[in-house]
Amino acid sequence: TDNLKLTLGGSVYGYDNDNDITPGGTTIPTALAINGNSPGEQFKLYEGFGQLDIAGLPLPLSIYGQYVNNDDASNDQDTAWLAGVKTKIYGFAVDYNYRDVQRNAVVGAFTDSDFANGFTGSRGSKLKVSYELDKNFALGATYFMADSDYTNATLKDSDINTLQLDAEAKF
């Protein structure tokens, strides 16, 4: 209908010879498997995503989601998903999503560095609010509330909360 718009998509990401990648000339195997991935992890990712835009409501509403599965994962920590909703009212935009990224579901080298300090094995929320000052400039804030089961010498089962203040210019 005129009030509904549905966008669907999918991707396949296959990594060949990923054991041959060496960051900075070192001999660390599988440089892609960092930030929480199991050492030596392999990746073949299947991704599906979608968004439903609803225009016939008092407020425009978008509902969106994403699902990723790593078919080559070495264990059952192979799934990531995200579900969210966003809207606009009187120049304000509000976007909320919840996500759960298991340890080997995605490539650690390419995770969202803002959420849970970029670690896989994390789950939590993102809330973004912005105000459009004019068509090319907006001010906003984004708050990430994440729990991570990533462990190293200084970080164990952490709550990772991050606040970002944004000035957005469009050209």
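The values are calculated or read from the model by the stated rules, or taken from the named source; none is laboratory data. All figures in this text were calculated on a predicted structure; none of them were measured in a lab. Reconstructed Cβ throughout: ideal geometry from the backbone, glycine too, with neighbour counts over all protein chains shown. Surface accessibility is based on the protein's heavy atoms, side chains included, excluding ligands, DNA and RNA. Shrake-Rupley method; radii C 1.70, N 1.55, O 1.52, S 1.80 Å.
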Exercise. Any idea which of 114, 134 is free of Cβ contacts under 8 Å to residues at least 60 places away in the same chain and within 24 Å of residue 50 (Cβ to Cβ)?
Worked result: 114
Exercise. Can you tell me which residues in region 72-97 are assigned to a strand (DSSP E or B) and open to solvent by 90 Å² or more (accessible area, probe 1.4 Å)?
Worked result: 81, 88, 92
Exercise. Would you say residue 50 is exposed (fewer than 14 other Cβ atoms within 10 Å of the Cβ) and either under 15 Å from the mean Cα position of the chain (by Cα) or farther than 21 Å from residue 118 by Cβ (or both)?
Worked result: no
For this session: All but one of (1) assigned to a loop (DSSP other than H, G, I, E, B); (2) under 23 Å from residue 2 (Cβ atoms) hold for residue 103, so report the exception by its number.
Result: (2)
Exercise. Among the residues of region 32-39, is there at least one that is in a loop (DSSP other than H, G, I, E, B), of a type outside the set (Asp, Glu), at positive phi and out of contact with any strand residue (DSSP E or B) (no Cβ under 6 Å at 6 or more places or on another chain)?
Worked result: yes
Exercise. What strands (runs of 3 or more DSSP E) completely inside region 108-171 contain at least 2 residues that are at pLDDT 95 or above and open to solvent by less than 30 Å² (accessible area, probe 1.4 Å)?
Worked result: 122-134, 137-151
